[in-house]
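Report on the following structure.
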Amino acid sequence: MGLSLFRLGAFAVVLSIFALASAQDGSISVQVDRPAIKISPTFYGLMTEEINHAYDGGLYAELIRNRAFRDSKTEPVHWSLTGSGGQISLEHLGADSPWTDALTLTTQGQAGVANDGFWGIPVKPHTAYKATFYAKGSITGPVTLSIETADGATTYAKAEVQGLGSEWKKFTATLRTGDTAASKNNRFLISTSSPGTISLSYVSLMPPTFHRRANGNRPDLMEELGELNPSFLRLPGGNYLEGNTIEERFNWKATIGDPAMRLGHQCPWGYRSSDGLGLLEYLEWCEDLKMQPVLAVFAGYALRGEHVNPGPDLEPYVQDALDEIEYATGDTSTKWGAERAKNGHPKPFPLTYVEIGNEDWFDRSRTYDGRFAQFYDAIKAKYPGLQIIATAPIQSRKPDVMDDHYYRSAADMERDSGHYDRISRSGPKIFVGEWASIEGSPTPTMDAALGDAAWLTGLERNSDLVVMESYAPLFVNVNPGAAQWGTNLIGYDALTSYGSPSFYVQSMFGKNTGDVELPAKLEIVKPPAEPVVLHGAIGIGTWRTQSEYKEIRVTFADGSPDFVPSTSSLDGWTRARGQWSVVDGALRQTGNGTGTLLTIGDPKWTNYTIHLKARKIGGAEGFMVMGHVLDPRNHWQWNVGGWDDSQSAIQRTEGGSSDIVGPESRATVETNRWYDLALEVKDGKIRGYLDGKLINEATETSRPPADPVYVAASKVSSSGEVILKVVNVSEKPMSLSIALNGAGDLEDQGSGWVLTGQPGDVNSIEQPEKVKPKPIHVDHVGSNFTRSFDAHSVTVLRFKTKR
Ligand code: AHR
């Protein structure tokens, strides 16, 4: 029997490449009496930021959208006039007013202003909603607050306030629903039947929140997070920490205190954040779910490249970070600890990890080393016990922890499951602070969940090095236009929420981990690799670039008639992504998106050459010509003027993730110049010709298939209980013999959960539990038994020792 062996520190995974003698598909042998490593107690956690309406229109319970009238300078967006004879106008009151922006209604009587919420206002039966608003005006009669259907036909709850005057005044009221069905196509209305004016600022409507916090979170989402058994929360981002510009960073001092006084800010994901969920709310969120914060501090770099040089310029930001740590951890005798007490939380929060910035490998100013050092020295001097996390490699200091990020296809996650088996133990510890198998939108498919589970077994087996992991992004509001990111863990609308298959993987793993990892030896019969003949249609595309294409012709090596697709109309073309139109007989892409794509042709085509003319009109890069197109996530592409127009190369895209095959060339692209392009896909070779010159060449190969099975085993030292995780990503059930060596006397029955489904299966608002773990029992365990693991399945088994 031939074996390939990867030694993994204290344990080994063995893959057989030839058939085993037994009838099984393989075996798992766990050394229960020889624990390999301690599992980090902070291993499973969460990463969060304002993206996809994660807070406003998500976790943060506020129901009024644009509550402070700052979402647009010109329009009272999400507010509308109701009734007759009224007028509304937006006012900017200036910095000397506590509420900088207001909406004024002028009415002859019988008018109101309605807010449509975050894709509706959720109504639940027998529920109290707390309304708060600031107002002044000349109306003498009562002001009515109501929650009603969007067309105003049915009112679910109502309250009245009185006493409007010429000065701003705070009003509160409670609106209670009765015995009604849950619904979301509703609005919140402030109306009057008296003539005069009413100016409104900061209009808030809070439903019941988790732990009844006054400025709190949505209970269903908090409960779902609790199901993940998280030990930490990485906050507040992500890109949200950095902002597009330094001005738009997460400026924590502007996010504390009375929510009505917080100005909010533009977030990098294309909308304004109310900052209702500010620093204290993040910390209370941690407290509510018994997580510790992993506090990421702004480190002088913003997403669009603005940066602060290390030295005196950076000092204020370093001081801000020290203040922030003091706000979280200082007792009430400290300046910022006292401020936290004033904000309602005298007790300091625990803190172990502080992260300096986010993804600073993007920083082209190459100042991260110096910036990190300045933060590191100042924080370590004042808080020597804190662990400091770096987001990019640095030389001048040794960070305690490095934050690694991975967004890849499920197959790539599976292939790289052993990534940390090969990483030296002499460097910093690792925090895999953002990662996901990106398949499925807005939430992942079962296939992505399998990729996640395979990847997680590798992280868990290496949890001496990988001290923390967190999937990202966490949340998505599934309404059209709400999301900016493709694949996200938990989906919701105004009323209900659901966990994706990947959510259940996180939950199964997070709830079932021992304190020590056990060596697990896996032997699997690997099917022989089948020869692959590549085939597919053709495509054109761009990456953050506007380009046009014309005179497209496909010629075939076997002499079949040429294929000449239309470029004077989009007839026959399939648009996968991008803004495509026809201009002067050319197909023009005018958007600035990544991975735009237009395809045409027969997926069975082999051995052909695509000839075309291409011209760049604007943007960052050049052209993309695709062959072997099976679908938008699986094809080969010739990327001409890629990587910010620094080089050209042939790429293989499988399951949405691309890698370069063959040598790169230095060819770049000029704007407003027509080029002759030819891409030949023939006899196992791909060749790209630019103006008749061969500039790229690659040999067609498929990536090696992922292994079919992945395992991790751990033990609860106090009870001797053994936990085995088995991931079968293959399309057939796998019968595996399992040996729990040195386990002692095990109970006859084991228990556990299995998650299974078709690779494309997803959960949704309509079908929230299509893919969900099912409890299972394993009879007659002993220390040797055989179990069949379903195709496309994630299984967690627990075996107790007899007492
Ligand atoms: O998780 C989404 C984004 O991906 C994060 O904001 C950023 O850190 C990463 O690039």
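Details
- Single unsatisfied condition, L263 versus (1) farther than 20 Å from N217 by Cα; (2) surrounded by fewer than 24 Cβ atoms within 10 Å (Cβ to Cβ): (1)
- Complete set of residues in segment 291-323 that are part of a helix (DSSP H, G or I) and open to solvent by 10 Å² or more (accessible area, probe 1.4 Å): P312, D313, E315, P316, Y317, Q319, D320, L322, D323
- Residue count for segment 367-400 satisfying the condition of being closer than 16 Å to K429 by Cβ and within 16 Å of the ligand (Cβ to nearest atom): 4.
- Among the residues of segment 622-652, those that are under 27 Å from the mean Cα position of the chain (by Cα), surrounded by fewer than 23 Cβ atoms within 10 Å (Cβ to Cβ) and more than 15 Å from P603 (Cα to Cα) comprise W643, D644, Q651, R652.
- Within segment 561-603, strands (runs of 3 or more DSSP E) holding 1 or more residues that are without any contact (Cβ under 8 Å) to a residue 40 or more places away in the chain and under 22 Å from I617 (Cα atoms): 574-577, 580-583, 586-589
- Within segment 406-416, not a single residue is within 13 Å of the ligand (Cβ to nearest atom), within 16 Å of the chain's Cα centre (by Cα), modelled with pLDDT of 95 or more and over 24 Å from P759 (Cβ atoms).
- Cross-chain or 6+ apart pairs with Cβ under 6 Å, segment 658-680 first and in contact (Cβ under 8 Å) with a residue 60 or more places away in the chain and surrounded by 14 or more Cβ atoms within 10 Å (Cβ to Cβ), then in a strand (DSSP E or B) and hydroxyl-bearing (S, T, Y): A678/T609; A678/Y689; E680/T609
- Yes/no for D403 being crowded, with 21+ Cβ neighbours inside 10 Å and within 16 Å of the ligand (Cβ to nearest atom): yes
- Which listed residue, of S470, S441, is touching an Asp or Glu at 6+ places or on another chain (Cβ under 9 Å), among the polar types (S, T, N, Q) and within 15 Å of the ligand (Cβ to nearest atom): S470
- Residue count, segment 201-245 (criterion: open to solvent by 30 Å² or more (accessible area, probe 1.4 Å) and within 23 Å of L456 (Cα to Cα)): 5
- Hits in segment 29-54 - residues which are more than 14 Å from the ligand (Cβ to nearest atom), in a loop (DSSP other than H, G, I, E, B), in contact with a Gly (Cβ under 8 Å, 6 or more places away or on another chain) and not basic (K, R): V32, D33, A36, I39
- Top-ranked residue in segment 183-199 [being part of a loop (DSSP other than H, G, I, E, B) and in contact with a strand residue (DSSP E or B) (Cβ under 7 Å, 6 or more places away or on another chain); ranked as most open to solvent (accessible area, probe 1.4 Å)]: N185
- Criterion: in contact with a Pro (Cβ under 6 Å, 6 or more places away or on another chain), among the hydroxyl-bearing types (S, T, Y) and either surrounded by 14 or more Cβ atoms within 10 Å (Cβ to Cβ) or assigned to a strand (DSSP E or B) (or both) - qualifying residue of T180, T172, T132: T180
- Taking the criterion of being open to solvent by less than 10 Å² (accessible area, probe 1.4 Å) and polar (S, T, N, Q), the residues of segment 695-715 that qualify are N696, S714.
The values are calculated or read from the model by the stated rules, or taken from the named source; none is laboratory data. These numbers were taken from a predicted model, which means no experiment stands behind them. We place every Cβ from the backbone using ideal geometry, glycine too, and count neighbours over all the protein chains shown. The area values use the complete protein model at the heavy-atom level, side chains included, leaving out ligands, DNA and RNA. Shrake-Rupley method; radii C 1.70, N 1.55, O 1.52, S 1.80 Å.
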